[in-house]
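> Have a look at this one.
The values are calculated or read from the model by the stated rules, or taken from the named source; none is laboratory data. All figures in this text were calculated on a predicted structure; none of them were measured in a lab. No Cβ is skipped: glycine too gets one built from the backbone with ideal geometry, and neighbour counts run over all protein chains shown.
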Amino acid sequence: MFLASVGGECLPENFHERQREGLVADNQITAGLVALTVADRMAAVALSRGDRDRSAEIAQSGEKALRTGFATLSAFVEKERKEVQESADWHKKVFPQSAWEKSASLAGRAFLRLRTKSD
């Protein structure tokens, strides 16, 4: 999974460290979701034991990338939510949302699906 292996060193130098970490984590979540989707489809159309084994490897790799990215982004989202809640200005409490909220939410839903799939 090439996308999950792209690190902060590949991003422009003018990005802040937090933004670099967030982008890398966002890419890891995207790569994880793509890998899980590919693995599901591959398992559904598998004709041989080798195909099923390969789909399981892809799923494991995807889950690892998803967990790595989610660990970083969930901390960012939680910190930004706290900053919004502590704001004294009411309009800053109503509208703002973390830039990473959508990716973290997608990863969270994927974990629920993985959990129910393994049960």
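> List pairs: first in region 9-32 and of a type in the set (K, R), second part of a loop (DSSP other than H, G, I, E, B), Cβ under 8 Å, 6+ apart or cross-chain?
R20/L11
> Here is a further query. Report, by residue number, each residue of region 88-119 that is under 17 Å from L73 (Cβ atoms) and either in contact with a His (Cβ under 6 Å, 6 or more places away or on another chain) or at pLDDT below 75 (or both).
P96, Q97 - these are the residues of region 88-119 that are under 17 Å from L73 (Cβ atoms) and either in contact with a His (Cβ under 6 Å, 6 or more places away or on another chain) or at pLDDT below 75 (or both).
> Okay, next question. Please find, within region 1-49, the residue that is surrounded by the fewest Cβ atoms within 10 Å (Cβ to Cβ) out of those that are modelled with pLDDT under 90 and among the acidic types (D, E).
E13
> Got at least one residue in region 41-54 being within 18 Å of R67 (Cα to Cα) and either of a type outside the set (A, V, I, L, M) or over 12 Å from the mean Cα position of the chain (by Cα) (or both)?
No.
> What are the residues in region 12-31 that are closer than 14 Å to T72 by Cα and not aliphatic (A, V, I, L, M), if any?
Hits for region 12-31 are E17, R18, Q19, R20, E21, G22, D26, N27, Q28, T30.
> Working carefully through the options R67, R54, R81, find the one that is closer than 17 Å to A104 by Cβ and modelled with pLDDT of 90 or more.
Just a single option satisfies the conditions, and that option is R67.
> So which residues in region 14-51 are among the polar types (S, T, N, Q) and within 20 Å of A104 (Cα to Cα)?
Across region 14-51, the qualifying residues are Q19, N27, Q28, T30, T37.
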